[in-house]
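*Asks:* Before anything else, here's the structure in question.
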Amino acid sequence: MPVSDYDQASLPDLLPLYYRRLFPFAQYYRWLHYGGVHKNYFQNREFSFTLKDDIYVRYQSFTTQSELEKEMQKMNPYKIDIGAVYSHRPNQHNTVKSGSFQALEKELVFDIDMTDYDDVRSCCSAADICSKCWTLMTIAIRILDRALREDFGFQHLLWVYSGRRGIHCWVCDEAARKLSVTARSAVAEYLSLVKGGEETLKKVILSDPIHPFIKESLLVVERYFTRYALHDQEILSRKETLDKVLALVPEDILLKELQQDFQNEKKPEIRWKLIKDQALKKQATNKKGHHFEKEIMLQYCYPRLDVNVSKGVNHLLKSPFSVHPKTGRISVPIDLKELEKFDPFAVPTISLICEELDRPIPGEVEEKVDDKENEKDATERRKIRDYKRTSLAKYVKYFDQFLDGVARSWKGELLRKSDLQKEF
């Protein structure tokens, strides 16, 4: 759609409109307020804004939803990051005695960036993505979502598209928000399998017995491996990519069997079967390295976490519904029921939704406001109507559904607190 092609130069004109008429402030406040179960939870939350020309403003905090709205509409941030809930209001951190301003709580977060997969994808590199390598993000969500729910018992997971080349996960359960740095590190380490930088050839090493979590992860990888690795990335079809795979095969097998077999057989599926057959033979001898075919699958497909983002309580992470300045795409929540259909290139840009606002809706009548008292209510109703007439609507609707689930947990907590008070 040519009219909604995003032009970075238009961002200063579009952001005021986005924050005035489209940003879902009511849902946003509802999320970070967590029902007011804990006093000052929203007020002590840090926000940071990146403004035009990369001006970075940290330790912003707000008392109410209205205050947050006014400030964002005044500053029109190019990027919004969310930080921890602190012991004091972040905007007063300079007035607090040194050492007493502490980060207390924050959602357990995960950040997965496509650039960390550059050694195992040949379709794109750096900040570029395409539908072929996006499969890696689908695999990452499938593996991590299952583990966080089933292995750790968390329930309220918000998966968000970053707006360009990655995904974020916000684990919003109260137990997750209260985790210490040590506990966060333990969860992140449990979920990390791919180790080592560019210079490390073999990044996944399995030992016996294989942990149930790894077995579950392999079941997910197996569903996507043929299409993603063998066909889309052609890891066994081209010399350059084939050599990388063969470098992960134990030398005794490589020299004896596989090189000769591969001379005679060019089909990727049959080549992969030959690798699996050799692994089975090696397993029968119980020699070291007999899980090499599983290690290859995990090295090529397993999620690559930025562990440091998950470990720190005070680490900032890009906010949902922030705009990505380079692509113009909105950082939207991902509905896992629609995960296989999720297309990052179909995510609306700020230019598209601002253009959709101006399209007349057949049969729509302009609301008349008789007095000042009703003006505020009318503005709020108009704002709800505004985003509903754009491509942003389905993402806000899903965010609302997610918040309904979170609300059920804090309503239970409020009831428990009121019951305790009645005991006096």
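*Asks:* For the stretch 218-230, which positions are closer than 16 Å to SER131 by Cβ and either surrounded by 14 or more Cβ atoms within 10 Å (Cβ to Cβ) or within 23 Å of the chain's Cα centre (by Cα) (or both)?
*Replies:* As a first pass, look at the stretch 218-230 and keep what is closer than 16 Å to SER131 by Cβ: 224, 227-229.
Across the stretch 218-230, the qualifying residues are TYR224, TYR228, ALA229.
*Asks:* Report, ordered by the first and then the second residue, all pairs with beta carbons closer than 7 Å, sequence separation of six or more or different chains, a first member in the stretch 165-189 that is in a helix (DSSP H, G or I), and a second member that is aromatic (Phe, Trp, Tyr).
*Replies:* Pairs found: ALA176/PHE154; VAL187/PHE152.
*Asks:* Let me ask something else about it. Looking only at the stretch 33-56, how many residues end up being part of a helix (DSSP H, G or I), without any contact (Cβ under 8 Å) to a residue 40 or more places away in the chain and surrounded by 12 or more Cβ atoms within 10 Å (Cβ to Cβ)?
*Replies:* Residues meeting the conditions: 1.
*Asks:* Let me ask something else about it. Would you pick out the residues in the stretch 64-100 that are touching a Pro at 6+ places or on another chain (Cβ under 8 Å) and not small (Gly, Ala, Ser)? Please lay out each step first, then the result.
*Replies:* Of the stretch 64-100, the ones touching a Pro at 6+ places or on another chain (Cβ under 8 Å) are 73, 76, 78-79, 83.
GLN73, ASN76, TYR78, LYS79 - these are the residues of the stretch 64-100 that are touching a Pro at 6+ places or on another chain (Cβ under 8 Å) and not small (Gly, Ala, Ser).
*Asks:* What number goes with the only condition from (1) at pLDDT 95 or above; (2) of a type in the set (Ser, Thr, Tyr); (3) open to solvent by 70 Å² or more (accessible area, probe 1.4 Å) that SER207 does not pass?
*Replies:* Unmet condition: (1).
*Asks:* Does any residue of the stretch 263-277 turn out to be under 28 Å from ALA147 (Cα atoms), open to solvent by 20 Å² or more (accessible area, probe 1.4 Å) and either out of contact with any Lys or Arg (no Cβ under 8 Å at 6 or more places or on another chain) or not in a helix (DSSP H, G or I) (or both)?
*Replies:* yes
*Asks:* Considering ARG20, ARG30, which residue is surrounded by fewer than 17 Cβ atoms within 10 Å (Cβ to Cβ), touching a residue at least 24 places away in the same chain (Cβ under 8 Å), assigned to a helix (DSSP H, G or I) and touching a helix residue (DSSP H, G or I) at 6+ places or on another chain (Cβ under 7 Å)? Step through it out loud before you land on a result.
*Replies:* Numbers: ARG30 fails: surrounded by fewer than 17 Cβ atoms within 10 Å (Cβ to Cβ).
Being surrounded by fewer than 17 Cβ atoms within 10 Å (Cβ to Cβ), touching a residue at least 24 places away in the same chain (Cβ under 8 Å), assigned to a helix (DSSP H, G or I) and touching a helix residue (DSSP H, G or I) at 6+ places or on another chain (Cβ under 7 Å) holds for just one of ARG20, ARG30, which is ARG20.
The values are calculated or read from the model by the stated rules, or taken from the named source; none is laboratory data. These numbers were taken from a predicted model, which means no experiment stands behind them. Quick reminder, even Gly has a Cβ in these numbers, built from the backbone with ideal geometry, and neighbours come from all protein chains shown. Quick note on the areas: whole protein, heavy atoms, side chains included, nothing else; ligands and nucleic acids left out. Shrake-Rupley method; radii C 1.70, N 1.55, O 1.52, S 1.80 Å.
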